[in-house]
Each structure stands twice: as structure tokens, then as C-alpha cells.
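Report on one structure; see the data block that follows.
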Amino acid sequence: ALNVYVNCSLQYYFRYVAGLKEPDEVEESMETNTLGTAVHYVFEKLYAEKIGANLSADWLNIVSKDTAKIEDLLVEGFEERFDAESLMQGRNHLQYRLALKMIDMFLEAEIARAASEHSVKIIGLEEQLEAVIDVAGAQVKIKGTADRIELQNGILSIADYKTGKVGEVRLREEQLETIATNPDFAKSFQLLTYAWIYLQSHPEISLPIHSGIYWLQQPQKGFDSLQIDGNAKLNQQHIEEFENQLKLLLSDLFDTEIPFFQTEDVKRCAYCAYKRICRR
């Protein structure tokens, strides 16, 4: 939601204040977010038994070869929007096969990592994160869902699965000053938000930590950690600077003297559900 506000504050108003939602109809053809939700569901169910344990190449090999279970879970992941028959037809079937391919490629990449000296211990899956921040005397709750919390060679890592195209999660130190105003940094903003929330709600965790993405279209990249000036470990200075920027963003959002306004960058309107209202 905060990334929507950064992208276009009027879009935020339409969606989250006025409550103008798109019709909640069953899709005739599969949308990207539906595919992503289903793939997330499969990983959540597959890895559930390994919470608190290290991933081993042997276990991952067994899981990856159980294609019947994976296919059943994927159908379950889609069943809110599609029945099994519609998944076997036309474009939907192509997307279904793509989802299976992503899952297979990711598990193969996991096997390769586990077979090396890389140690991964699952701490949590689809974990609900929330923390409170003080903004001009108001207590504002920030929340989100972390796809996977893990220990990578002893370092706590917050991981997000992305089924879309591979993006960039590299920042320079000075770019932290615009992290909450530049929509080009949306993915980095999300990763820093999750890192900040997790540290606020788990004060016992010591820095540094990682926050990054598993790109399911290119799983061979492994865990793509957010890097600031080439450093993949987030330290206290990074977290404090992000918190300052988050407070500035929220102060702007809650300032009754600042109107919700249409973005001047027309390119941001291309996929907006409200562009007809704005006559874009």
C-alpha cells in the first residue's frame, strides 16, 4: 500500500481511502498475481515440515521427485479462482505449466545450494509481521507478510519470492534518502520495510541481517540480497536511515494540508485500474 502511495497518491486514495475496488470476479484467464499466490502456497506447504530444521539435499531430492504432490498442491493453490478442468485448457494450462516449471527449477537450485557448503535453516513461512511507529504523536501500525525467514550460514535472512521479471535490488548509500519517494526503488523499499518490522518485533535479533528475493524465473541466481554500496548485510545505520525516511513518508500521508494528487509521470498510469477516472 505504501508503494502505491509513492507511485501515485491519488491511486492510493482511490484504492485504500475511497475503497474503489475492482470487481472481484472469477478470472477467465490467469493473471500474474494469481499465479504467484498459487506458487507461494505450494512452497508454504512443501517446506512446512522443515520449520526449525536445516534443508538437506536428500530431503529436497525426495520432495522434488514427488510430482503428484506438487501438482495437487498447485491445483489447491489455484482452486479459489479456477477449477481443475479450467487449468487444463488454453492459456490457463500454459500458465499452470509455467508455475510447475518455476517450482521445479527452484527446487533444483535449492538442491544445488544444499549440496554445497551453504547452510539454510527455515525459521518461518508466510510470517505475519507488524510493528508500530510513532508519527507526530500518532501510533501507526505497519504490517506485511514475509514469505520465508531463514538462517543462511548463521545470518538471519528475510526472503521474498517473486514470480515476475528479475529486478534490481542494489542501492547506493545516498539513495536511501529517496527510498520512500522514488517508485523505482519499490522492491528495495519492501525489503527494507520487512527488515525494519522484523527487527522492531524481534529485539533479540542482532544485526547484521539480510533481506532479499528469490527470483523464480531465474532461480539459479539464488538469494538476491538487497545490497547497499555493495554490502549485502544491513546494519544499524541502514535501518535507522530507513526509519527516518519511513517517518517522513507517513508524515506526508497523514498531513491533512497535503492533498492526494495525480502523478505527473503518465507512464505510471499504464496499468492503473483507475486511469479512466483520471482520464488518462
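Quick notes on this structure:
- Selection count, region 123-140, where residues are free of Cβ contacts under 8 Å to residues at least 24 places away in the same chain, on the phi < 0 side of the Ramachandran plot and open to solvent by less than 70 Å² (accessible area, probe 1.4 Å): 1
- Contact annotation: residue pairs with Cβ atoms under 7 Å, 6 or more positions apart or on different chains, pairing a residue in region 217-235 that is on the phi > 0 side of the Ramachandran plot with a partner that is among the aliphatic types (A, V, I, L, M) and surrounded by 13 or more Cβ atoms within 10 Å (Cβ to Cβ), are Gly222/Ala109.
- Selection count, region 217-241, where residues are surrounded by 15 or more Cβ atoms within 10 Å (Cβ to Cβ) and in a strand (DSSP E or B): 6
- Of all the listed residues (Gly154, Gly167), the sole one being in contact with a helix residue (DSSP H, G or I) (Cβ under 6 Å, 6 or more places away or on another chain) and small (Gly, Ala, Ser) is Gly167.
- Residues (part of a loop (DSSP other than H, G, I, E, B) and open to solvent by 30 Å² or more (accessible area, probe 1.4 Å)) located in region 174-216: Thr181, Asn182, His202, Pro203, Glu204, Ile205, Ser206, Leu207, Pro208
- Within region 88-97, not a single residue is open to solvent by less than 50 Å² (accessible area, probe 1.4 Å) and farther than 20 Å from Ala38 by Cα.
The values are calculated or read from the model by the stated rules, or taken from the named source; none is laboratory data. Everything quoted here is computed from the prediction, not taken from an experiment. Reconstructed Cβ throughout: ideal geometry from the backbone, glycine too, with neighbour counts over all protein chains shown. Side chains included, ligands, DNA and RNA excluded: accessible areas come from the protein's heavy atoms. Shrake-Rupley method; radii C 1.70, N 1.55, O 1.52, S 1.80 Å.
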